[in-house]
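Step one of this worksheet: look at the structure below.
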Amino acid sequence: PGLTCLTGFFKNGHEIRLIRQDGSIVHRWPLKFSGLFRNLEHIKPASDIPTGEWDVSVHGSECLPDGSVIFNFIYKGGARVDRCGKVLWAIPQMTHHSVTRSMDGGYWIPSARRIERASAYEKLEVPYLEDTILKVSADGAVRQELSVVEILAKNNLEGYIYRRGLSGDLTHLNDIQELDAGPPASFPQFAAGDLV
């Protein structure tokens with residue numbers, strides 16, 4: 001029971017909709033990619049830069065109690081719009097998939113960067129996508145960016161980097177969850193605030 005937030009390309013374009021159980025619409029946020037960013041240099045390779053609204057899709061969103069919504073245009077950038085659709089902030093990075101609230105009021109958002117030149121990991125063949133974890137404040141500032149490849153390498157888990165191949169989409173990060181309570185006794189290595 002309650003309301004459901006959904007995203008899609010509807011009759012008039014991209015929208016996020018808040019609907020009731022019977023499918024009736026409580027609120028809608030029409031979204032346009034064009035004009036969201038001053039420049040599109042953050043999108044790599046340049047051939048992935050959209051030429052129109054059909055070349056993007058909304059992937060990951062979070063409806064907030066004040067009527068605003070945070071969302072990602074997959075691998076094109078993230079943004080927050082108010083209840084009337086006015087852009088409050090935009091993140092010019094290749095954000096994708098989920099938007100998850102953090103315990104301190106910010107958000108965890110997956111992102112990626114394209115590595116095109118020599119990699120710090122000699123076995124990897126360029127170009128490849130390196131997933132990153134963004135810590136974004138409530139006002140849209142990127143406070144931290146963590147490399148998933150670096151996290152795995154530092155923890156002697158390099159096998160997980162190479163299991164999908166040596167180039168392309170190495171880790172395919174979909175979701176970030178912050179542990180908000182003490183972990184079960186059977187997992188003493190985890191603590192509140194750890195990321196899963």
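The values are calculated or read from the model by the stated rules, or taken from the named source; none is laboratory data. Given the structure is predicted, the values throughout are model-derived calculations rather than measurements. Cβ placement follows ideal geometry from the backbone for every residue including glycine, while neighbour counts extend to all protein chains displayed. The protein model used for the area step is the full one, side chains on, heavy atoms only, and it has no ligands, DNA or RNA in it. Shrake-Rupley method; radii C 1.70, N 1.55, O 1.52, S 1.80 Å.
Hey, if you put +1 on the Cβ of every Lys and Arg and -1 on every Asp and Glu Cβ in the chain, which of Trp29, Trp108, His97 ends up farthest toward the positive end of that dipole?
Toward the positive end, the furthest listed residue is Trp29.
Compute, for segment 16-131, the length of the dipole vector about the Cα centre, with Cβ point charges of +1 (Lys, Arg) and -1 (Asp, Glu) only. Units Debye, rounded to 20.
So the magnitude is around 360 debye.
Among the listed pairs Lys76/Lys135; Lys32/Lys76; Lys11/Lys76, give every one whose C-alpha distance is greater than 20 Å.
Working: Lys76/Lys135 17 Å; Lys32/Lys76 12 Å; Lys11/Lys76 22 Å.
Listed pairs above 20 Å: Lys11/Lys76.
On the accessible surface of the chain, probed at 1.4 Å, how many percent belong to carbon and sulfur atoms?
Numbers: 5650 of 11110 Å².
Carbon and sulfur: 51 percent of the exposed surface of the chain.
Can you work out the accessible area per residue across segment 42-129, with the rest of the protein chains kept in place, probe 1.4 Å, in square angstrom?
For segment 42-129, the solvent-accessible area averages 48 Å² per residue.
Nearest 500 deg cm²/dmol is fine: what mean residue ellipticity at 222 nm does the chain get from its DSSP H runs of n ≥ 4 alone, each adding -39,500 (n - 2.57), divided by its residue count?
Values: 2 runs with 12 residues, N = 196.
Value at 222 nm, helices only, nearest 500: -1500 deg cm²/dmol.
Roughly how many whole Å is it from the C-alpha centroid of segment 128-143 to that of segment 62-88?
15 Å
What does the highest-first list of 93-102, 169-178 look like by mean Cβ count within 10 Å?
Taking the mean over residues of other Cβ atoms within 10 Å, the ranking is 93-102, 169-178.
Once the whole set of protein chains is in place, how much accessible area is left on Leu152, using a 1.4 Å probe, in Å² to the nearest 10?
It works out to around 30 Å².
Compute the FRET efficiency between Leu179 and Glu125 as 1/(1 + (r/R0)^6), taking r as their Cβ-Cβ distance and R0 = 30 Å, and round to the nearest 0.05. Could you put the intermediate results ahead of the total?
Values: r = 35 Å, r/R0 = 1.15.
My answer for the efficiency is 0.30.
I'd like the distance between the alpha-carbon centres of segment 33-48 and segment 90-119, rounded to an integer number of Å.
15 Å
Which Cα, out of Leu152, Gly140, Leu124, lies furthest along the positive dipole direction of segment 119-164 (beta carbon charges, K/R +1, D/E -1)?
Highest projection toward the positive end goes to Leu152.
Within the set of other residues whose C-beta is less than 14 Å from the C-beta of Pro50, count the net charge using Lys and Arg as +1 and Asp and Glu as -1. Intermediate results must be reported in sequence, preceding the final value.
On the way: positive: Lys32, Lys44, Lys76; negative: Glu41, Asp48, Glu53, Asp55.
Computed value for this residue: -1.
Let me spell out the model: positive unit charges on the Cβ of Lys and Arg, negative unit charges on the Cβ of Asp and Glu, origin at the Cα centre of the chain. What dipole size does that give, in debye rounded to 20?
Result for the chain is approximately 480 debye, rounded to the nearest 20.
If pairing requires two Cys Cβ atoms under 4.7 Å apart, which cysteines of the chain are left without a partner?
Cys84
Can you tally the net charge around Val196? Count Lys and Arg as +1, Asp and Glu as -1, for every other residue whose Cβ sits under 13 Å from the Cβ of Val196.
-4
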